[in-house]
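This report concerns only the one structure given below.
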Amino acid sequence: MSILSESPEVEVRERRLLSILSYEGDAEGLSAGSKAGRLGCPGRLYSQCSDCAEGCAETMTYHVRGAAVVSHAPVGCGVNVSNHNILGRAVSEARGLPTHKVNMISSNIVEHDTIYGAAEKLRRAVREADRRFGPRAIFIQASCASGIIGENLESVASEMEEELGYPVIPVYCEGFKSKIWSTGFDAVFHGLLRKLVQAPGGREKDLVNIFNFEGSDQFIPFLHKLGLRVNYLVPLASLEQLKTMSQAACTAHICETLATYIAGVLEERFGVPEVKVPPPFGLNWTDAWLREIARYTGKEAEAEELIKAERRRIEEPLKKLREQLRGRTIYVVSGDSFAHNLANIYKDLGIEVIGLNTLHHDQRTDSPGQPDTLGELIRSCGNIKNVTVCNKQPHQAIKILLRLRPDLLIVRHMNLTTMGLKLGIPTLFEGDANFSIGYDGVLKMGQRVIEALATKKLAETIAGHARLPYRQWWLDGENPRYTGEEQ
Amino acid sequence: MAGIIDRPRFGCALGGALGLLRAIPRAVPILHAPAGCGYSVYIGLNAGAGYYGGGYCGSTSAPSSNVVEKEAVFGGEERLREQIASTMEIMDGDLYVVLSSCMVEMIGDDIRSAARIFPGVLATPTPSFHGNSYHGYDLMLETLIRDYVPEQAGKKPRSVNVIGLVPGQDAFYKGNLREIKRLLALIGLKANTLIGEGESLEDIRRSAESELTLNLSDVYGSLSAEAFKEKHGIPWLRAPLPVGYLQTEKFLLTVGEYFGLDREMIDQALQREREVYFDYLERISDSYNDLDFQRYGLVVADANYAPAVTAFVAEELGWLPRLTVVTDPLTGEQRARLDSRFETFEPSIKPEVRYDGNASAVRRHLADTWERNRNQKYYEALSPLIVIGSYFEKDLAEQLKCSYLPLSFPVNSRVIFNRAYAGLSGGLTLAEDLFGAIIPGR
């Protein structure tokens, strides 16, 4: 069966990848259960808010250079736009790119529109985005409200595309459609594939697609060492970069959870091979990743040289870090594959991964050849005893942290680090997904761990005065189960 | 009012209600919403309000029914009842309030009837399509006043409730309330600001014993003021947020007049305040001219700050505010009320006032009101200029190569704890921040 969905929408992850949101056990149990596809996704009797597909979609769409976004939503869905603006500015500056400003208009769905429909308003918003920002492509983002009123984005987008003469791309990221927020990434990528990505006009043998989150440009100098160029996708990419991604020599990811859908389609439709090993986090994965990239770009000999040289270069400082960090324990909280990436770094630093929480878990990948990062992690580091899958849910995460008491907590998602500080656990935030890649990434991580451990006093001070909103029986009791029937 | 908006300067009604609950110690919200609403609204309001934080039970800790497609088809009230019950088992709160999102309102869930089964649990419908976060604050506060505040037989003389500053939108609400409380105490009034420093649910419960409700806003808080009046027989008075000495004096005279206080007494009370205030402010007279501290002003702010800040810079700093853009969606009546705030300005300092919330529209209004340089024989430039606005005006200030101070939502580039711009101490702080922003070479 084709990976590319023929319908305007891509299937949600719980059906496409059998994604789950709860598990408690060890890494091997999760791996075995996933291989058999027998883990279910029950609802919760008690839940705390998490993320939605729309929020994930905007981390991509807001940051496409030359494009504008119309959020077809009540005004509240757009409240985060100022944060994205600050992010776009900061990252453009860090990457030496022209300042990126988020060009967004909210169609401001109000009660009247929920009854009579809002298609005309959407057309007006698209025209206004065209007039104000002069974009060369417009994304129309769906919302819960547009989904419930059954707005036909498809026809408005086609109509407007004809009128404006450039791509108008519907993104079906209604928040209630999937329990797995990463479905929002798939929705953006599906839109790009349908409306923007062109058939290759040739092959650029030295160009590597890297699907990424908004972050620093660590990959660019890193692959430059092999004489390769990086096509950093999607945040801060130009429309031209997006259109021609089909011409790259191969596709790699910062995190398998982000982009297996589009990477699978690029291989299937346009013959762009996908790198089939985990991303370059930790020394052994970095070696393997470079070799795999080299295989697609004819740089095998250079890669072997580079690996040898890099390993030698970091030997001394790494030894020092190991001496300082040996025996420390860390707990990792992050999105599915990215948690595996982070966890694979610590063995190199002599730090024990005392536990791992992934915010969801895909039991399948989009194509059978894509790497099973959990299996790879077990092969690399052995079984990890305390593994949970949990979509944020601080009421559960806090109990685990209280039980395991790691020396350090590392978190990839915003607004969860507060759990660590309120419990007196020094906490590290992995906000820039690129920060810890490659050989230098291991060293940087070691240095950052040392700095973070020095915040012990801050964490203890905050914990000494913070009050947790949970009843004592909940904090004291054995982990009570608050999940409902299988769905 | 219902038009499209380029980069909104507020969240939804749900966000406003969450902002208020976050300001109340040990209040626990229960969202009946898809999973993303609570977090998305929080993350916007947090940074926009000067890094407000999730507090006791906000941010990712906020209980939420996380409804999905199944509930969209079959209804979500059963899931909500389950979530209310489990929240009360697990979460340790003194107040539980159910709030709703767009989606559950559109599928027809009735959160009030679901909440009614649980004694003491309140409910406030807060879909975004009903209004923005300023409105959500008002809806939430109205619910507390109608359904939570117990009726009181007698009133305590000279006690005043203070409302109209919106937590989560106004980054300075808490510092401002502290100053308002202090000012009212100067003339012998005891203020209950409901969500100020050291105040708790107990203060909210006791609010029915006040004699008067002071609404500090021309636009926000009207439902709540009316609820105090209807439910608890407390009349209300509009006395807009004062910034600086001149406005503070007027504010205290207005409130004093209501209580029939002697003008002389008020003036006496202000005597020491004047000494403190002008002892600081007059320092600037040594530098004002030497360092050329006069500025043209462009003010872009919400309905509480726009008139107050414009008047402050014009009347107390001698600046020339040429354009003020009020960024709320307003009714005709609200607009007329704000218009009247600008009518009292001397002609030489009276700004052009526009009403527009669109982030990219400010530049257009500026072009409309100030002639462009077209190589005329003589061109009077709008310079030196300061832009006083929100984070969205940063780009504009850079384009215009002028000074800039963000103070109206969103203020992502500042961290605000107990800072205040209200009243006398607030006026001095604002003057410090403004002069600080224009010191050459800074």
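Of the helices (runs of 4 or more DSSP H) lying entirely inside segment A:392-487, those containing at least 2 residues that are under 21 Å from A:Arg44 (Cβ atoms), of a type outside the set (A, V, I, L, M) and in contact with a strand residue (DSSP E or B) (Cβ under 8 Å, 6 or more places away or on another chain) are A:394-404.
A count restricted to segment A:1-51 and to residues that are buried (at least 21 other Cβ atoms within 10 Å of the Cβ), more than 29 Å from B:Ala33 (Cα to Cα) and basic (Lys, Arg) stands at 0. Of all the residues in segment A:1-31, those that are part of a loop (DSSP other than H, G, I, E, B) and more than 17 Å from A:Leu359 (Cα to Cα) number 11.
Criterion first (out of contact with any Pro (no Cβ under 9 Å at 6 or more places or on another chain) and either on the phi < 0 side of the Ramachandran plot or assigned by TED's automatic domain parsing to the domain that holds A:His340 (or both)) does A:Glu93 satisfy it? So A:Glu93 fits the description; yes. One residue alone among A:Ser106, A:Ser182 is within 24 Å of A:Ala263 (Cβ to Cβ), open to solvent by less than 10 Å² (accessible area, probe 1.4 Å) and hydroxyl-bearing (Ser, Thr, Tyr), and that residue is A:Ser182.
Table: residues versus (1) modelled with pLDDT of 95 or more; (2) outside the structural domain of B:Arg22 (by TED's automatic domain parsing); (3) among the aliphatic types (A, V, I, L, M); (4) outside any helix (DSSP H, G or I).
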position	(1), (2), (3), (4)
B:Gly50	yes, no, no, yes
B:Cys57	yes, no, no, yes
B:Asn66	yes, no, no, yes
B:Lys70	no, no, no, no
B:Arg81	yes, no, no, no
B:Val98	yes, no, yes, yes
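Entry remark, segment B:88-110: residues being acidic (Asp, Glu) and facing chain A (nearest Cβ under 7 Å) number 1 in total. Name the single residue that is farthest from the other protein chains (Cβ to nearest Cβ) among those in segment A:118-151 being surrounded by fewer than 21 Cβ atoms within 10 Å (Cβ to Cβ) and under 21 Å from B:Pro34 (Cβ atoms). Top of the filtered list is A:Gly150.
Matching residues to (1) more than 12 Å from chain A (Cβ to nearest Cβ); (2) farther than 30 Å from B:Gly389 by Cβ; (3) touching a Pro at 6+ places or on another chain (Cβ under 9 Å); (4) not aliphatic (A, V, I, L, M):
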{"site": "B:Arg112", "(1), (2), (3), (4)": "yes, yes, yes, yes"}
{"site": "B:Phe118", "(1), (2), (3), (4)": "yes, yes, no, yes"}
{"site": "B:Pro125", "(1), (2), (3), (4)": "no, yes, no, yes"}
{"site": "B:Tyr137", "(1), (2), (3), (4)": "yes, no, yes, yes"}
{"site": "B:Asn192", "(1), (2), (3), (4)": "yes, yes, no, yes"}
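Restricting attention to segment A:423-430, does a residue exist that is open to solvent by 10 Å² or more (accessible area, probe 1.4 Å) and more than 25 Å from B:Ala62 (Cβ to Cβ)? No, there is no match, as no residue in segment A:423-430 is open to solvent by 10 Å² or more (accessible area, probe 1.4 Å) and more than 25 Å from B:Ala62 (Cβ to Cβ).
Can you spot a residue in segment A:55-74 that is polar (S, T, N, Q), modelled with pLDDT under 95 and under 19 Å from B:Met103 (Cβ atoms)? Among the residues of segment A:55-74, not one is polar (S, T, N, Q), modelled with pLDDT under 95 and under 19 Å from B:Met103 (Cβ atoms), which makes the answer no. Being more than 14 Å from every other protein chain (Cβ to nearest Cβ), buried (at least 22 other Cβ atoms within 10 Å of the Cβ), of a type in the set (A, V, I, L, M) and over 23 Å from B:Leu216 (Cα atoms) holds for only one residue in B:Val362, B:Val387, B:Val353, and it is B:Val387.
Give segment A:81-108 a look and list any residue that's touching a Leu at 6+ places or on another chain (Cβ under 9 Å) and within 8 Å of another protein chain (Cβ to nearest Cβ), or say none.
Hits for segment A:81-108 are A:Val102, A:Ser107.
Test B:Tyr39 against the criterion of being more than 7 Å from every other protein chain (Cβ to nearest Cβ), among the hydroxyl-bearing types (Ser, Thr, Tyr) and touching a helix residue (DSSP H, G or I) at 6+ places or on another chain (Cβ under 7 Å), and give yes or no. Spelling it out, it is not the case that B:Tyr39 is more than 7 Å from every other protein chain (Cβ to nearest Cβ), among the hydroxyl-bearing types (Ser, Thr, Tyr) and touching a helix residue (DSSP H, G or I) at 6+ places or on another chain (Cβ under 7 Å).
Those residues that are open to solvent by less than 20 Å² (accessible area, probe 1.4 Å), part of a helix (DSSP H, G or I) and either over 27 Å from B:Val162 (Cβ atoms) or among the hydroxyl-bearing types (Ser, Thr, Tyr) (or both), I need them from segment B:103-146; list them, please. Result: B:Met103, B:Val104, B:Ile111, B:Ala114, B:Ala115, B:Ser128, B:Phe129, B:Ser133, B:Tyr134, B:Tyr137, B:Thr143.
Only one residue in B:Ala62, B:Ala85 is buried (at least 21 other Cβ atoms within 10 Å of the Cβ), under 22 Å from B:Asp109 (Cβ atoms) and within 9 Å of another protein chain (Cβ to nearest Cβ), so which one is that? Within the list B:Ala62, B:Ala85, the selection yields B:Ala62. If you go through segment B:412-434 and keep only what is open to solvent by less than 20 Å² (accessible area, probe 1.4 Å) and modelled with pLDDT of 95 or more, you end up with B:Ile416, B:Ala420, B:Tyr421, B:Ala422, B:Gly423, B:Leu424, B:Gly426, B:Gly427, B:Leu430, B:Ala431, B:Leu434.
Residue selection: B:Gly3 satisfies the criterion of being part of a loop (DSSP other than H, G, I, E, B), farther than 15 Å from B:Gly55 by Cα and facing another protein chain (nearest Cβ under 7 Å).
So for segment A:445-465 (the condition being within 14 Å of chain B (Cβ to nearest Cβ) and either open to solvent by 20 Å² or more (accessible area, probe 1.4 Å) or in contact with a helix residue (DSSP H, G or I) (Cβ under 7 Å, 6 or more places away or on another chain) (or both)), does at least one residue qualify?
Yes, segment A:445-465 contains a residue that is within 14 Å of chain B (Cβ to nearest Cβ) and either open to solvent by 20 Å² or more (accessible area, probe 1.4 Å) or in contact with a helix residue (DSSP H, G or I) (Cβ under 7 Å, 6 or more places away or on another chain) (or both).
If only one of B:Glu352, B:Glu380 is more than 26 Å from B:Ile5 (Cα to Cα) and of a type in the set (Asp, Glu), which one is it?
Checking each option against the conditions leaves just B:Glu380.
The values are calculated or read from the model by the stated rules, or taken from the named source; none is laboratory data. Just so it is clear, the structure is predicted and the values come from calculations on it, not from any experiment. Methodologically, a virtual Cβ is constructed for each residue, glycine included, from the backbone with ideal geometry; neighbour enumeration extends over all protein chains shown. For the accessible areas, the whole protein counts, side chains as well, though only heavy atoms, and no ligand, DNA or RNA atoms are used. Shrake-Rupley method; radii C 1.70, N 1.55, O 1.52, S 1.80 Å.
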